[in-house]
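Engineer: Pasting in a structure now, in structure tokens, and then I'll have a few things to ask.
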Amino acid sequence: SAGLRPSFVLTIPEPLVDKVTIFHGPERIATGWWDGESITRDYFIARSEKGRWLWIFRDKKMQWFLHGLFS
């Protein structure tokens with residue numbers, strides 16, 4: 001499951017409000033280091049209580065966000 005990406009990616013990540021179970025991760029993605037706008041996120045594949053498969057991440061402040069949905 002390494003490198004799996006969701007079918008639907010949110011333009012702007014939303015705070016995670018669903019209760020989830022994590023199935024894979026973390027996968028660290030670090031970008032922007034070259035231009036001084038660095039972002040480091042730990043991504044996970046999770047399943048919500050409603051059965052939706054989600055691509056979520058945790059930022060450096062340990063806040064959780066929804067970034068995509070698997071179809």
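The values are calculated or read from the model by the stated rules, or taken from the named source; none is laboratory data. Everything numeric here is computed off the predicted structure, so don't read it as measured data. Please note: Cβ atoms are built from the backbone with ideal geometry, for glycine as well, and neighbour counts cover all protein chains shown. Surface areas here come from the heavy atoms of the whole protein model, side chains and all, with no ligands, DNA or RNA. Shrake-Rupley method; radii C 1.70, N 1.55, O 1.52, S 1.80 Å.
Engineer: Among the charged types (D, E, K, R) and open to solvent by less than 40 Å² (accessible area, probe 1.4 Å): is that true of ASP59 in this structure?
Structural biologist: So ASP59 fits the description; yes.
Engineer: Here's something else I'd like to know. Which members of segment 25-55 meet the condition of being in a strand (DSSP E or B), under 17 Å from PHE70 (Cα atoms) and open to solvent by less than 60 Å² (accessible area, probe 1.4 Å)?
Structural biologist: GLY25, GLU27, TYR43, PHE44, ILE45, ALA46, SER48, LEU54, TRP55
Engineer: Is it the case that LEU69 is surrounded by fewer than 17 Cβ atoms within 10 Å (Cβ to Cβ), at negative phi and hydrophobic (A, V, I, L, M, F, W, C)?
Structural biologist: Criteria met by LEU69.
Engineer: Hey, another quick one. Any residue in segment 2-14 that is without any contact (Cβ under 8 Å) to a residue 40 or more places away in the chain, in a strand (DSSP E or B), open to solvent by less than 80 Å² (accessible area, probe 1.4 Å) and not acidic (Asp, Glu)?
Structural biologist: No, because not a single residue in segment 2-14 is without any contact (Cβ under 8 Å) to a residue 40 or more places away in the chain, in a strand (DSSP E or B), open to solvent by less than 80 Å² (accessible area, probe 1.4 Å) and not acidic (Asp, Glu).
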